[in-house]
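Student: Sharing a structure below in structure tokens format, with a few things to ask.
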Amino acid sequence: MDLTFTYSKSALAGIYCQKNKGCFLLSTNQDHTFPAEDGLFLPGAGATIAHVSASCQMEAKNVGKPESVMFSAIRSRYPDLDLSGVLMVGDRLNTDMVFGNRGGVSTMVVLTGVTPLQALEEHSYSKEEKPTYYLESVAKLFG
């Protein structure tokens, strides 16, 4: 995530895309927000991608979570990887848990990010978004 993203950078990307007709736009993360202190949210990479997509007049192809492109690359690089020993940990049901579930690994959502406990208690998620486990804080993984 470019924390120094500016209008000028978006404009330059747009100019480049318009002058180079064969180019394409990739994203590795389309999360529109990311969590900040005190339960607040800041613009995420998805907000930046939306800005650049508008400037370039094209949609970005997402190669990150939850798309299978990244998981396929991992499996290609490590063909003998035992998936029973893999755990996808993240704070988003719609990207992190979907990525892990599509990849055939166990998943754990941490409640210190965007997913509240209430969402789990109310089962307000799809089958693909369902985590195998949940944890109140990622800090508990280390202590």
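The values are calculated or read from the model by the stated rules, or taken from the named source; none is laboratory data. These numbers were taken from a predicted model, which means no experiment stands behind them. Using ideal geometry, Cβ is built from the backbone for each residue, glycine included, and neighbour counts are taken over all protein chains shown. Side chains included, ligands, DNA and RNA excluded: accessible areas come from the protein's heavy atoms. Shrake-Rupley method; radii C 1.70, N 1.55, O 1.52, S 1.80 Å.
Student: So which residues in the stretch 1-22 are part of a loop (DSSP other than H, G, I, E, B) and loosely packed, with under 13 Cβ neighbours inside 10 Å, if there are any at all? Reasoning before the result, please.
Tutor: Looking only at the stretch 1-22, we keep the residues that are part of a loop (DSSP other than H, G, I, E, B), and these are 1-6, 20-22.
Scanning the stretch 1-22 gives Asp2, Leu3, Thr4, Thr6, Asn20, Lys21, Gly22.
Student: Next question, about the same structure. Do you know which residues across the stretch 26-38 are within 19 Å of the chain's Cα centre (by Cα) and surrounded by fewer than 16 Cβ atoms within 10 Å (Cβ to Cβ)?
Tutor: Start the filter on the stretch 26-38 by keeping residues that are within 19 Å of the chain's Cα centre (by Cα), which leaves 26-36.
Of everything in the stretch 26-38, those that are within 19 Å of the chain's Cα centre (by Cα) and surrounded by fewer than 16 Cβ atoms within 10 Å (Cβ to Cβ) turn out to be Leu26, Thr28, His32, Ala36.
Student: Shifting gears a bit: Name every residue in the stretch 82-107 that is touching a strand residue (DSSP E or B) at 6+ places or on another chain (Cβ under 6 Å), among the acidic types (Asp, Glu) and free of Cβ contacts under 8 Å to residues at least 40 places away in the same chain, in order of residue number.
Tutor: Within the stretch 82-107, just Asp96 meets the criteria.
Residues are listed down the side, and each one gets a yes or a no for (1) surrounded by fewer than 16 Cβ atoms within 10 Å (Cβ to Cβ); (2) of a type in the set (Lys, Arg); (3) closer than 16 Å to Asn29 by Cα:
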site: Glu67; (1), (2), (3): no, no, yes
site: Arg75; (1), (2), (3): yes, yes, no
site: Arg92; (1), (2), (3): no, yes, yes
site: Gly103; (1), (2), (3): no, no, no
site: Gly113; (1), (2), (3): no, no, yes
site: Ala139; (1), (2), (3): yes, no, no
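Student: Looking only at the stretch 121-137, count every residue that is open to solvent by less than 60 Å² (accessible area, probe 1.4 Å), of a type outside the set (Asp, Glu) and at pLDDT 90 or above and tell me the total. Before you say what the answer is, go through the steps one by one.
Tutor: The first filter runs over the stretch 121-137 and keeps only residues open to solvent by less than 60 Å² (accessible area, probe 1.4 Å), leaving 125-126, 129, 131, 135, 137.
Still in the running and of a type outside the set (Asp, Glu): 125-126, 131, 135, 137.
Cutting the leftovers down to at pLDDT 90 or above gives us 126, 131, 135.
Count: 3.
Student: OK, next. In the stretch 43-57, which residues are open to solvent by 50 Å² or more (accessible area, probe 1.4 Å) and over 12 Å from Lys9 (Cβ atoms)?
Tutor: Within the stretch 43-57, the subset open to solvent by 50 Å² or more (accessible area, probe 1.4 Å) is 43, 50-51, 54, 57.
Answer for the stretch 43-57, where residues must be open to solvent by 50 Å² or more (accessible area, probe 1.4 Å) and over 12 Å from Lys9 (Cβ atoms): Pro43, Ala50, Ala54, Gln57.
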